[in-house]
Amino acid sequence: MGSMMPELPYLFVYGTLRGAAGTEWSRLLTANSRFVGAGRTRGALFHLDGYPGMTARTDDDTWVNGEVYLLNAPPSALPILDAYEGCGPGQPLPHEFERRVVTVRLDSGQTIEAWAYIYTLETGDKARITSGDYLQAGSQGRPTRASLPS
């Protein structure tokens with residue numbers, strides 16, 4: 001995880017970490033980063049168990065909407081976020097998510113490289129969010145999957 005571009009300070013979020021999601025984790029992210037802007041990246045979005053999962057795609061014109069944040073301290077923030085997303089070094093395999101670099105087109109027109117958490121498991125039985133926007137899709141409940149670190 002994170003072996004390429006370990007110093008990359010940007011994070012693209014599309015679900016429970018987005019500011020409007022109102023979760024304890026989205027509040028933690030906004031307190032430890034600077035909002036860069038809304039944007040989108042190529043991919044497909046799926047409803048999982050109370051949260052979304054994005055698969056990376058480059059072969060068609062499907063997009064996932066989200067937000068980009070500039071992390072204040074990536075070396076300390078990314079391992080905490082990896083643990084939240086279930087892909088930390090001590091977590092059992094297979095990981096549901098993997099942190100990868102994606103190209104994000106900001107609403108301002110700027111293009112930026114950012115980390116994103118990509119869903120790695122099968123999507124055959126998952127409902128697709130065709131709008132590409134999890135918050136717009138009516139994400140009932142949005143439970144968080146883990147407690148904040150003490």
Subset of the range 12-28, residues of a type outside the set (F, W, Y) and under 13 Å from A114 (Cβ atoms), comes to V13, L17
May I ask you to list the residues in the range 15-36 that are exposed (fewer than 15 other Cβ atoms within 10 Å of the Cβ) and either under 11 Å from the mean Cα position of the chain (by Cα) or within 21 Å of R105 (Cβ to Cβ) (or both)? A20, R34, F35
Report the residue count in the range 86-103 for those that are of a type in the set (G, A, S) and surrounded by 12 or more Cβ atoms within 10 Å (Cβ to Cβ). 2
List every residue pair whose Cβ atoms lie under 6 Å apart, where the two residues are 6 or more positions apart in sequence or sit on different chains, the first residue falls within the range 17-45 and is more than 16 Å from A77 (Cα to Cα), and the second residue, located anywhere, is outside any loop (DSSP other than H, G, I, E, B) and of a type in the set (D, E, K, R). A38/E67; G39/R105; R40/R105
Checking the condition surrounded by 14 or more Cβ atoms within 10 Å (Cβ to Cβ), small (G, A, S) and either out of contact with any Asp or Glu (no Cβ under 7 Å at 6 or more places or on another chain) or not in a strand (DSSP E or B) (or both), which residue from G39, G66 passes? G66
One residue is enough: does the range 110-120 have a residue meeting the conditions within 17 Å of L17 (Cα to Cα), in contact with a Ser or Thr (Cβ under 7 Å, 6 or more places away or on another chain) and either without any contact (Cβ under 8 Å) to a residue 60 or more places away in the chain or of a type outside the set (G, A, S) (or both)? yes
Exactly one condition in (1) of a type in the set (G, A, S); (2) touching a residue at least 40 places away in the same chain (Cβ under 8 Å); (3) out of contact with any strand residue (DSSP E or B) (no Cβ under 8 Å at 6 or more places or on another chain) is false for S76; which is it? (2)
Which ones in the range 79-98 are in contact (Cβ under 8 Å) with a residue 12 or more places away in the chain and not in a loop (DSSP other than H, G, I, E, B)? I80, L81, D82, A83, Y84, F97, E98
For L71, are the conditions met, namely being of a type outside the set (V, I, T), over 16 Å from A21 (Cα atoms), modelled with pLDDT of 95 or more and buried (at least 19 other Cβ atoms within 10 Å of the Cβ)? yes
Applying the selection to the range 42-61, what residues are under 14 Å from I129 (Cβ atoms) and part of a strand (DSSP E or B)? G43, A44, L45, F46, H47, P52, G53, M54, T55
Quick check on L106: is it modelled with pLDDT of 95 or more, within 20 Å of A20 (Cβ to Cβ), within 17 Å of the chain's Cα centre (by Cα) and crowded, with 16+ Cβ neighbours inside 10 Å? yes
Among (1) in a strand (DSSP E or B); (2) among the hydroxyl-bearing types (S, T, Y); (3) farther than 15 Å from I118 by Cβ, there is one condition S76 misses while meeting the rest; what is its number? (1)
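The values are calculated or read from the model by the stated rules, or taken from the named source; none is laboratory data. A quick note: this is a predicted structure, and the numbers were derived from the prediction, not measured. Please note: Cβ atoms are built from the backbone with ideal geometry, for glycine as well, and neighbour counts cover all protein chains shown.
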